[in-house]
Amino acid sequence: GSLLVAVGLFMESIAVISAMQGHDTRTNWLVPVAAVVTDFGSMLNSYCFFGLIWHYPGSTTLILSLSTATYQVSALLPLGLKAVMDLTGIDFGMAMLGFSGCVLLSVPIIWQLTPTQEDYYDQAKEVLGVPLPKPKVTFDVCTKLKKGWDAVKLDLRDHVFMGMGFAFSLIFAQTYNSMSSAYGAGLFGSKQAGRELADMQVQSTAVVGALCAPLVAKSADFMGLKPFAWLLTAVILIP
């Protein structure tokens, strides 16, 4: 995952450097390809957390929240790059190139720290007392989709309500996140205020992802999901 992220960022930096030199018509095709490669690699990095589920069986929700928090904490990366650019005087292309190098250096570290698939199955067997069935190494998409749909149908109503609740809970926050700068400029009457509100929103997103979300998730592990869901409902409705 980290290797793919490094490759994607390197491609992005080449596109940026080329655009700054007036050759963007030759390398603009790199941008969508690099975005897909980088996003896929970051997804794989987040999945690394799932390898710890059987190592910490009492903290499943915490581990899931940490895998999600990686995206929220990454909101600080643009601010970090801008600070480096202001401090060193380098341009955006060189900053991206340096960042891709830092990600590349993290590859052997993550390789050593992430449990292997064999470790995952061994630990699951130790926790459950029985071995997990190992998946077949096939790419039968239709069969996997059918099995997934069969599993969803067992509790179809619950899954539908959960999906709707998840969508409605995110849509307003995501809309605000994507328009915080324009919202701040319209509310306070200046573009500078809009930028400052956007920076505050980025910082608060990272803090919530790194600190608040894992703490709440650990509370859910301690209480159990059903009591926690009722508590969360009460907190929303009481105000």
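The values are calculated or read from the model by the stated rules, or taken from the named source; none is laboratory data. What you see is a predicted model; the values in this text were computed from it and never measured. All Cβ positions, glycine included, derive from the backbone under ideal geometry; neighbour counts span all protein chains shown. For the accessible areas, the whole protein counts, side chains as well, though only heavy atoms, and no ligand, DNA or RNA atoms are used. Shrake-Rupley method; radii C 1.70, N 1.55, O 1.52, S 1.80 Å.
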message: Cβ-Cβ under 6 Å, sequence separation 6+ or interchain: first residue in the stretch 138-165 and within 26 Å of residue 233 (Cβ to Cβ), partner assigned to a helix (DSSP H, G or I) and open to solvent by 70 Å² or more (accessible area, probe 1.4 Å). Which pairs?
response: 152/159
Scope the stretch 119-135; condition surrounded by fewer than 11 Cβ atoms within 10 Å (Cβ to Cβ) and over 27 Å from the mean Cα position of the chain (by Cα); matching residues: 129, 130, 133
- line: Within the stretch 187-216, residues being in a helix (DSSP H, G or I), more than 30 Å from residue 49 (Cα to Cα) and open to solvent by less than 70 Å² (accessible area, probe 1.4 Å) number 3
field: In the stretch 176-185, the residues that are part of a helix (DSSP H, G or I) and open to solvent by 70 Å² or more (accessible area, probe 1.4 Å)
entry: 176, 178, 183
Number of the exception - residue 58 against (1) part of a helix (DSSP H, G or I); (2) loosely packed, with under 15 Cβ neighbours inside 10 Å; (3) without any contact (Cβ under 8 Å) to a residue 40 or more places away in the chain: (3)
query: Which residue pairs have Cβ atoms closer than 6 Å, lie 6 or more positions apart in sequence or on different chains, and pair a first residue in the stretch 94-111 that is under 13 Å from residue 84 (Cα atoms) with a second residue that is among the acidic types (Asp, Glu)?
result: 96/12
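Residue check: is residue 171 in a helix (DSSP H, G or I) and open to solvent by 70 Å² or more (accessible area, probe 1.4 Å)?
When the stated conditions are applied, residue 171 passes them.
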- line: In the stretch 199-237, anything modelled with pLDDT under 80 and either of a type in the set (Asp, Glu) or over 30 Å from residue 60 (Cα atoms) (or both) is listed as 199, 221
Pairs where the first residue, in the stretch 117-133, is over 17 Å from residue 58 (Cα atoms) and the second is hydroxyl-bearing (Ser, Thr, Tyr), C-beta under 8 Å, 6+ apart: 131/121; 132/121
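Here's the yes/no breakdown for (1) assigned to a helix (DSSP H, G or I); (2) at pLDDT 80 or above:
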position	(1), (2)
74	yes, no
95	yes, yes
101	yes, yes
104	yes, yes
122	yes, no
131	no, no
146	yes, yes
157	yes, yes
task: Provide a single number: the residues in the stretch 61-84 that are of a type in the set (A, V, I, L, M, F, W, C), open to solvent by 60 Å² or more (accessible area, probe 1.4 Å) and over 14 Å from the mean Cα position of the chain (by Cα).
output: 1
statement: Checked the stretch 76-93 for anything charged (D, E, K, R) and either closer than 30 Å to residue 127 by Cα or in a helix (DSSP H, G or I) (or both); matches are 82, 86
statement: Picked from the stretch 23-54 (must be in a helix (DSSP H, G or I), open to solvent by 60 Å² or more (accessible area, probe 1.4 Å) and not hydrophobic (A, V, I, L, M, F, W, C)), the residue nearest to residue 93 (Cα to Cα) is 24
